[in-house]
Amino acid sequence: MPSLKSFRVRIASVKSTRKITKALNLVAASKLRRAQEAAVNARPFAERMERVLSNLGASMVGNPGAPKLLAGTGRDDTHLVIVATSDRGLAGGFNANISKMARQHIAKLTAEGKQVKILAIGRKGRDALRRDYGRNILDTIELGGVKAVGFTTAHEIATRVLDMYEAGEFDVATIFYSRFQSVISQVPTMQRLIPAEVKQAEGAPSVDLKGAIYTYEPDESEILADLLPRNVAVQIFRAMLENAASFFGAQMTAMDNATRNAGDVIDKLTIQYNRTRQAMITKELIEIISGAEAL
Amino acid sequence: MAEKFQFDLVSPEKLLYSAHAEQVVVPGVEGDFGVLAGHAPLISIVRTGLVEVKGSEDGDLRIFVRGGLAEVTPAGLTLLAEEAMPFEDLSAADLDGRIKNLEEDVADAKDDRAKNRASEALDQLRQVRALLN
């Protein structure tokens, strides 16, 4: 039977673990609120951009003069996979889910005989992919020091991706991130960045022009050529914001579970501790009584 | 008093400024253009420069913007800018730093396209810098 002391030590240790998980849970909750706000604030820009793009893009698709960012390079040989995760763990399945989805996609591409290059945003994604696809990883962008995701960070990544595209280093770019649905549900999502996906804007509110038509200054194709690179940055920015909100949501849930679990363990240990203590008291009493009786 | 219209200035991070204004002068790539209420629908690329807002609730103000898009609809004017700040907050030292960076970019540009782009941005920034004195 374990000694009373070892029980006391274990209970104390689980209690301090519970304090930590509880604190992390509260921190994640407050950071989640800020991350959610940032995601909501970023929406108007992305929506308006998308609306203009889909207006312009729809007319340009299939046009021989369409910009390369919209039409693609005409090849489909080299894929750039951008995996956006977090730098830290303790967030349940958050990083694992994104990495898993990315890994399946990479496996599929490799099976089709395509070349895959990986750009990891966040350390955890790189760690998860390093074992299987270490040779394909170009670089990792660490977010360690960055407190809140700023557009500048996204812009830098976009510039880099666009430079690589200009240099013909890849044909198709996809980004993996986790879409924030609610505190308890984050959906790993795959989105194609290059060539740009032009969808008919359903969500974005359309504007009634009252019969008038837009004047473009300069012409449509030039606006499109200016807008598409910006759009890549905006999309990356959006993915990073969604990711930040998802991360804190996942962390909050995970830490909540851990806190509750620690509580259960403490209860169980306390019961065992008390039982052992009583058994020892009983044993000592029996010893005394039987000793007295023997006299 | 002139009729007012809705003016929104949006950055990728948030809605920066929203007001009713009588007139807004936007630095388009093909020249500045003034927007009054009832302007015809227009989409234009915006160059680095100053947006002048006249007759808004906050009086007249000037805002520095870099890179973006202006969209005029019957509902009003929306300006999507990658970066924006009030003209008063702009510091000469900051601008000089950027101009220097761009000068280096022009010098380092590998091909004509990159060179054109950098020198265009440089010209625009220099114009703003000239206004600051």
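The values are calculated or read from the model by the stated rules, or taken from the named source; none is laboratory data. A quick note: this is a predicted structure, and the numbers were derived from the prediction, not measured. When we count neighbours, we look across all protein chains shown, and the Cβ atoms used for this are built from the backbone with ideal geometry, even at glycine. Heads up: the accessible areas ignore ligands, DNA and RNA and are worked out on the full protein's heavy atoms, side chains in. Shrake-Rupley method; radii C 1.70, N 1.55, O 1.52, S 1.80 Å.
Yes/no matrix, rows are residues, columns are (1) more than 14 Å from chain B (Cβ to nearest Cβ); (2) modelled with pLDDT under 90:
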| site | (1), (2) |
| --- | --- |
| A:Gly125 | yes, yes |
| A:Val146 | no, yes |
| A:Pro188 | yes, no |
| A:Ala204 | no, yes |
| A:Leu224 | no, yes |
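For B:Leu9, the requirement of being touching a residue at least 24 places away in the same chain (Cβ under 8 Å), open to solvent by 10 Å² or more (accessible area, probe 1.4 Å) and outside any loop (DSSP other than H, G, I, E, B) is not met.
Going by the conditions given, is A:Asp267 open to solvent by 50 Å² or more (accessible area, probe 1.4 Å), part of a helix (DSSP H, G or I), in contact with a Ser or Thr (Cβ under 9 Å, 6 or more places away or on another chain) and not basic (Lys, Arg)? So A:Asp267 fails the test.
Can you tell me which residues in segment B:17-47 are within 13 Å of chain A (Cβ to nearest Cβ) and outside any strand (DSSP E or B)? Before the answer, list the steps.
The first filter runs over segment B:17-47 and keeps only residues within 13 Å of chain A (Cβ to nearest Cβ), leaving B:17-18, B:26-33, B:35, B:38-47.
Correct list: B:Val29, B:Glu30, B:Gly38, B:His39, B:Ala40, B:Pro41, B:Arg47.
Scanning segment A:150-185 for residues that are open to solvent by 40 Å² or more (accessible area, probe 1.4 Å) and within 13 Å of chain B (Cβ to nearest Cβ) turns up A:Thr152, A:His155, A:Glu156, A:Thr159, A:Asp163, A:Glu166, A:Ala167.
Quick check on A:Arg88: is it assigned to a loop (DSSP other than H, G, I, E, B) and of a type in the set (Lys, Arg)?
Details: assigned to a loop (DSSP other than H, G, I, E, B): yes; of a type in the set (Lys, Arg): yes.
For A:Arg88, the condition - assigned to a loop (DSSP other than H, G, I, E, B) and of a type in the set (Lys, Arg) - is met.
Can you find even one residue in segment A:20-38 that is within 14 Å of chain B (Cβ to nearest Cβ), among the hydrophobic types (A, V, I, L, M, F, W, C) and assigned to a helix (DSSP H, G or I)?
yes
Summed over segment B:48-68, the residues that are open to solvent by less than 60 Å² (accessible area, probe 1.4 Å) and assigned to a strand (DSSP E or B) give a count of 13.
Any idea which of A:Ala107, A:Ala111, A:Ala120 is of a type in the set (A, V, I, L, M) and under 17 Å from the mean Cα position of the chain (by Cα)? Let's see the steps before the verdict.
Details: A:Ala107 fails: under 17 Å from the mean Cα position of the chain (by Cα); A:Ala111 fails: under 17 Å from the mean Cα position of the chain (by Cα).
Sole residue among the options that is of a type in the set (A, V, I, L, M) and under 17 Å from the mean Cα position of the chain (by Cα): A:Ala120.
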